[in-house]
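Trainee: Dumping the structure here so I can ask a few things about it.
The values are calculated or read from the model by the stated rules, or taken from the named source; none is laboratory data. In this text the structure is predicted, and so the values were computed from the model without any measurement. Heads up, the Cβs are rebuilt from the backbone with ideal geometry, glycines too, and the neighbour counts pull from every protein chain shown. The area values use the complete protein model at the heavy-atom level, side chains included, leaving out ligands, DNA and RNA. Shrake-Rupley method; radii C 1.70, N 1.55, O 1.52, S 1.80 Å.
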Amino acid sequence: MQYSEIMIRYGELSTKGKNRMRFINKLKRNIEDVLSVYPQVQVRADRDRAHVYLHGADYKPVAESLKQVFGIQNFSPSYKIEKSTPALVAAVQELMREVYKEGMTFKISSRRSDHSFELDSRELNQRLGNAVFEAIAYAQVKMKAPDIELRVEIREEAAYLSYETIRGAGGLPVGTSGKGMLMLSGGIDSPVAGYLALKRGVDIEAVHFASPPYTSPGALKKAQDLARKLTKFGGNIQFIEVPFTEIQEEIKNKTPEAYLMTLTRRFMMRITDRIREERGGLVIVNGESLGQVASQTLESMQAINAVTTTPVIRPVVTMDKLEIIDIAEKIDTFELSIQPFEDCCTIFAPDRPKTNPKIKNVEQYEKRLDIDGLVDRAVAGIQVTEITPQVENDRVDELIEELL
Ligand code: ATP
Ligand code: MG
């Protein structure tokens, strides 16, 4: 039997009161975006469920894509059946013969929104349960937590049959929480931070600081490839490259080495905040993790954060490195992140950066620099590229085949 549609149950949307329809419409658009590579697929979103009509598209890759969409609690692939008792009996028997293994328990759960159907839900449960026994005499019924729960829905247009429930990504639809600027390096932590922000509905733009010729084109490409990995969860991402060479040279030449890292980070924060303001973002997101390196002591965070009152979200701040790596592997960024490329932060990095920078000193040293001019020039020099999802290789083959 071939699946005809996927029935989607929403996540936390139900708690969102009158925003509900806005959330649902956003989720619908996000689903349509990830499924846009399957032109025949159609999406419908109602108040309490969404439906993806496959129209002949292969179920498996569509389900894989749906698993990445935030705002989906779970989903069930379903068979569309003619709305008649004999057709349902035949379908239930055929399906059970396919999936039932000896020793398993089952249950039929019927619902009907079309109340004119000849049997009510209790009668349907009975009739279809008997149909199972006619096909598999030794099958066992169990009401609580059976191995197979056959769900039958009688709707206006047809009847639907499903037995699998696949867990979705949870979270909130991307974009429903507003926009945030993700400070994206080439490391392990910031892509994970971006993923976690997307999960809570934040629409992300990636800000990346590059210091050519000290940093290579390879390092830039790595950051872009990481952003591309994140498009799987939230659609296209604006990638903003910030020219950082002049600032790093100025700091290197005019301030004490021990404060280089703190001063560099404060510039990054100021610039990201300016870009955020210009582009209508609400928060800054970064990959800082408490105590991981010198720049991530609480004293350092305080000194760096002091340049802005904008909320800075640090999704991985309390996680251990191994916990972060677990997520990086799950979202497939880990392999990319560990590729060896110089990051702008490591190029002039002192052996012993200050772990407890004093704000008084920081401000003293910054007097030697033309802060406004440096920030203005960096912001004026940004380059914005739109990062789009990569079409998987086998999908390219399929698309070519379809075209021929
Ligand atoms: P990551 O693994 O994300 O690089 P990290 O543990 O290496 O983090 P740092 O290098 O101290 O930590 O960077 C802390 C945070 O500062 C990063 O997670 C990122 O959000 C931001 N950051 C660092 N370098 C850059 C960069 N070149 N461009 C943009 N943001 C950066
Ligand atoms: Mg790093």
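Okay, residues lined up against (1) farther than 23 Å from G11 by Cα; (2) touching an Asp or Glu at 6+ places or on another chain (Cβ under 9 Å); (3) not assigned by the TED database to the domain that holds L88; (4) not small (G, A, S):
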position	(1), (2), (3), (4)
S110	no, yes, no, no
V141	yes, no, no, yes
L150	no, no, no, yes
S162	no, yes, no, no
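Trainee: Then there is this: Considering (1) within 16 Å of ligand 2 (Cβ to nearest atom); (2) touching a helix residue (DSSP H, G or I) at 6+ places or on another chain (Cβ under 8 Å), say which one G218 fails and leave the rest.
Mentor: With respect to (1) within 16 Å of ligand 2 (Cβ to nearest atom); (2) touching a helix residue (DSSP H, G or I) at 6+ places or on another chain (Cβ under 8 Å), G218 is out only on (2).
Trainee: Being buried (at least 21 other Cβ atoms within 10 Å of the Cβ) and away from ligand 2 (no atom under 14 Å from the Cβ) narrows it down to one residue among R270, R279, R266; which is it? Lay out the reasoning, then the answer.
Mentor: Working: R270 fails: buried (at least 21 other Cβ atoms within 10 Å of the Cβ); R279 fails: buried (at least 21 other Cβ atoms within 10 Å of the Cβ).
The match here is R266.
Trainee: Please determine, by comparing only the residues of region 282-300 that are away from ligand 2 (no atom under 15 Å from the Cβ) and closer than 21 Å to Y365 by Cα, which one is least open to solvent (accessible area, probe 1.4 Å).
Mentor: T297
Trainee: How about region 189-214: which of its residues are surrounded by fewer than 24 Cβ atoms within 10 Å (Cβ to Cβ) and assigned to a loop (DSSP other than H, G, I, E, B)?
Mentor: Within region 189-214, G201, S211, P212, P213, Y214 meet the criteria.
Trainee: Mind counting the residues in region 172-188 that are away from ligand 2 (no atom under 14 Å from the Cβ), within 16 Å of F239 (Cβ to Cβ) and open to solvent by 10 Å² or more (accessible area, probe 1.4 Å)? Explain how you work it out, then say what you get.
Mentor: As a first pass, look at region 172-188 and keep what is away from ligand 2 (no atom under 14 Å from the Cβ): 172-181.
Cutting the leftovers down to within 16 Å of F239 (Cβ to Cβ) gives us 179-181.
Checking the rest, the ones that are also open to solvent by 10 Å² or more (accessible area, probe 1.4 Å) come to 179.
The number of residues fulfilling the criteria is 1.
Trainee: Pick from Y138, Y214, Y195: which is within 15 Å of ligand 1 (Cβ to nearest atom) and more than 16 Å from the chain's Cα centre (by Cα)?
Mentor: Details: Y138 fails: within 15 Å of ligand 1 (Cβ to nearest atom); Y195 fails: more than 16 Å from the chain's Cα centre (by Cα).
On inspection, the qualifying residue turns out to be Y214.
Trainee: For the structure I just gave you, tell me whether E149 is open to solvent by less than 20 Å² (accessible area, probe 1.4 Å), charged (D, E, K, R), away from ligand 1 (no atom under 11 Å from the Cβ) and assigned to a strand (DSSP E or B). Even if it seems obvious, please write down each step before you answer.
Mentor: Details: open to solvent by less than 20 Å² (accessible area, probe 1.4 Å): no; charged (D, E, K, R): yes; away from ligand 1 (no atom under 11 Å from the Cβ): yes; assigned to a strand (DSSP E or B): yes.
Against the criterion (open to solvent by less than 20 Å² (accessible area, probe 1.4 Å), charged (D, E, K, R), away from ligand 1 (no atom under 11 Å from the Cβ) and assigned to a strand (DSSP E or B)), E149 does not qualify.
Trainee: Please verify whether K101 is more than 19 Å from the chain's Cα centre (by Cα) and open to solvent by 50 Å² or more (accessible area, probe 1.4 Å), treating the condition exactly as stated. Spell out the reasoning first.
Mentor: Values: more than 19 Å from the chain's Cα centre (by Cα): yes; open to solvent by 50 Å² or more (accessible area, probe 1.4 Å): yes.
Answer is yes for this residue.
Trainee: Then there's this: For the subset of region 236-263 comprising residues that are closer than 30 Å to V69 by Cβ and open to solvent by less than 20 Å² (accessible area, probe 1.4 Å), which member is farthest from ligand 1 (Cβ to nearest atom)? I'd like the intermediate steps shown before the answer.
Mentor: Taking region 236-263 as the starting set, the residues that turn out to be closer than 30 Å to V69 by Cβ are 236-241.
Then keep just the ones that are open to solvent by less than 20 Å² (accessible area, probe 1.4 Å); that gives 237, 239-240.
Working: I237: 14, F239: 11, I240: 10 Å.
Across region 236-263, the extreme among qualifying residues is I237.
Trainee: May I ask you to list the residues in region 84-97 that are open to solvent by 60 Å² or more (accessible area, probe 1.4 Å) and within 18 Å of D120 (Cβ to Cβ)?
Mentor: Within region 84-97, the first condition is being open to solvent by 60 Å² or more (accessible area, probe 1.4 Å), and the residues that meet it are 86, 94, 97.
Across region 84-97, the qualifying residue is only P86.
Trainee: Taking region 189-213 only, how many residues are farther than 21 Å from A378 by Cα and within 14 Å of ligand 2 (Cβ to nearest atom)?
Mentor: Taking region 189-213 and keeping what is farther than 21 Å from A378 by Cα, we get 189-203.
Then keep just the ones that are within 14 Å of ligand 2 (Cβ to nearest atom); that gives 189-194.
Going through region 189-213 one residue at a time, the tally reaches 6.
Trainee: Let me ask something additional. Over 26 Å from L230 (Cα atoms), open to solvent by 40 Å² or more (accessible area, probe 1.4 Å) and not in a helix (DSSP H, G or I): which single residue out of T318, T309 fits that description? Quick ask: steps written out before the conclusion?
Mentor: Working: T318 fails: over 26 Å from L230 (Cα atoms).
Step by step, each of T318, T309 is checked, and only T309 is over 26 Å from L230 (Cα atoms), open to solvent by 40 Å² or more (accessible area, probe 1.4 Å) and not in a helix (DSSP H, G or I).
Trainee: Something else: If you take the residues in region 328-352 that are more than 12 Å from ligand 2 (Cβ to nearest atom) and open to solvent by less than 30 Å² (accessible area, probe 1.4 Å), which one is nearest to L290 (Cα to Cα)?
Mentor: So, considering only residues that are more than 12 Å from ligand 2 (Cβ to nearest atom) and open to solvent by less than 30 Å² (accessible area, probe 1.4 Å), the one nearest to L290 (Cα to Cα) is A328.
Trainee: Pairs, please: C-beta under 8 Å, at least 6 apart or cross-chain, first residue more than 19 Å from S185 (Cα to Cα) and touching a residue at least 24 places away in the same chain (Cβ under 8 Å) and in region 344-359, second within 16 Å of ligand 2 (Cβ to nearest atom) and open to solvent by 40 Å² or more (accessible area, probe 1.4 Å)?
Mentor: Matching pairs, first to second residue: none at all.
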